[in-house]
Amino acid sequence: MPELPEVEISKRYLDATSLHQRIDDVDVRNTYILKDTSARELARGLKGRRFESSRRHGKHLFVRADGELWLRLHFGMTGSLQYFKNDEQAPRYARVLFVFANNHRLAFDDQRQFGQIGLLKDVDEFLKEHELGPDALDLHLGEFRKILGKHRGAVKSVLLNQRIIAGIGNIYADEILFRARVHPTTETSRLGDKALTKLFRASHYVLRKAIAAKANTSQMPRSWLLPHRGRGGKCPRCGRKLRSARIGGRTAWFCPQCQKRQSGG
Ligand SMILES: [Zn+2]
C-alpha cells in the first residue's frame, strides 16, 4: 500500500515526466475514484492548462496546474502513475488518463479502486479541513516529542494516525518500531526522552532510506524487517521467529526479543 516513500517516488516520477506540457484532454474511464468532482469538471478544469509543480503531504500528492488549480491524487491501496506514448497500450487498470499535446499520456492506474482524484483551489485549506497532521519528514525532534507526548495509546496506533503524523502506514510503522527497538503496543506515555529520540531518528532514517531505494522492497537492506515480515519470517538481528498482532486494526510484525514490551514507568 503506498505510504510516504511510494508517494514521494510517484511525485518524482510525475515531476520528471508530466510537467509543462499542455493537457489536451482528460479521459475518465471510471468515475468511482473521483472525489468532490465530476469527469466533466475535471476535464473542463484541466484542458488547455499545464501541470507546473507538485507538492506531497503525507500520502497525498497535489499537482498544481497554471491558473492556481490543484489536482489531488491519493493512491489508496494500489494506485500508481504511468507515463507512456499515445500509441502504447494503456495500463490495465487505468482509471483516469491525462492526455498531453506531446503525444504522451499519464495514467492513474488503480486495480483495487481505493485511490482518489479531486480538484481543489487551496492545498493548505484541504489539509486543515481534513485535519491532517504534519508530514513525517517535515517534523523536527522537538515537535515529534511534543506530538507523541500529547497523544495517548499504543505507539503503533499513534504513528498510523494521519491526523497526528501524516505519511506513515502499516509497513513503515513496523520498520520504524523495529529499528528503534520499541514494542508496537507500548503506551506512548511510557516512552521516555531517549526512546522518543530513537523513534524520531528511526522514522527519518527509514523513510529516507526507503525513498533512496525507490520504495522497492528488493533494494531495501536485508537487516530490515521488511524482507522478513510474514509467517515463518525470522528476525534479521537475533534470528528468533517474528510475531504478529492486530493493533489498530492492522497486522503488526515485530520481534518479541528485540522489541520488549515496556513495563513500569
Ligand atoms: Zn530480534
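The values are calculated or read from the model by the stated rules, or taken from the named source; none is laboratory data. Note that the coordinates shown come from a computational prediction; the quantities given were computed from them, not determined experimentally. So basically every Cβ, Gly included, is an ideal-geometry build from the backbone, and we count neighbours across all protein chains shown. Remember, those area values only see protein heavy atoms, side chains included, never the ligands or the DNA or RNA. Shrake-Rupley method; radii C 1.70, N 1.55, O 1.52, S 1.80 Å.
Here are a few things to note about the model shown:
- For LYS234, the lysines whose Cα falls under 22 Å of its own Cα, not counting residues fewer than eight places away in the same chain, are LYS156, LYS209, LYS260.
- Farthest positive-ward along the range 6-92 dipole, Cα basis, beta-carbon charges - from TYR83, TRP70, PHE51: TRP70
- Paired Rg and Dmax values of the range 1-132, which use every Cα atom, in angstrom: 13.4, 42
- Taking amide H as placed 1.01 Å from N in the peptide plane, LEU119 has its amide H under 5 Å from the amide H of ARG72, each at least 5 places away in sequence or on another chain.
- Kirkwood-based Rg to Rh ratio, the range 7-84, C-alpha trace: 0.92
- Selected from LEU196, TYR32, PHE100, residue furthest toward positive end of dipole (the chain; charges at beta carbon): LEU196
- Between the listed residues THR185, LEU61, TYR205, the Cα displaced farthest toward the positive end of the dipole of the chain, a dipole computed from Cβ unit charges relative to the Cα centre, is found at THR185.
- Sites matching trypsin sites (Lys or Arg not before Pro) across the range 33-66 that sit in DSSP coil, with at most 10 neighbouring C-beta atoms within 10 Å: none
- Among ALA245, ALA136, ALA215: highest mean-square fluctuation, GNM of the chain, C-alpha pairs under 10 Å: ALA245
- Point-charge dipole on Cβ atoms (K/R +1, D/E -1) for the chain, about Cα centre, debye to 20: 1680 debye
- Solvent-accessible area per residue in the chain equals 49 Å², computed with a 1.4 angstrom probe and all protein chains kept.
- Lys pairs, the range 1-137 - Cα-Cα below 17 angstrom, 8 or more residues apart or on other chains: 5
- What separates the Cα centres of the range 205-233 and the range 7-66 is a distance of 29 Å.
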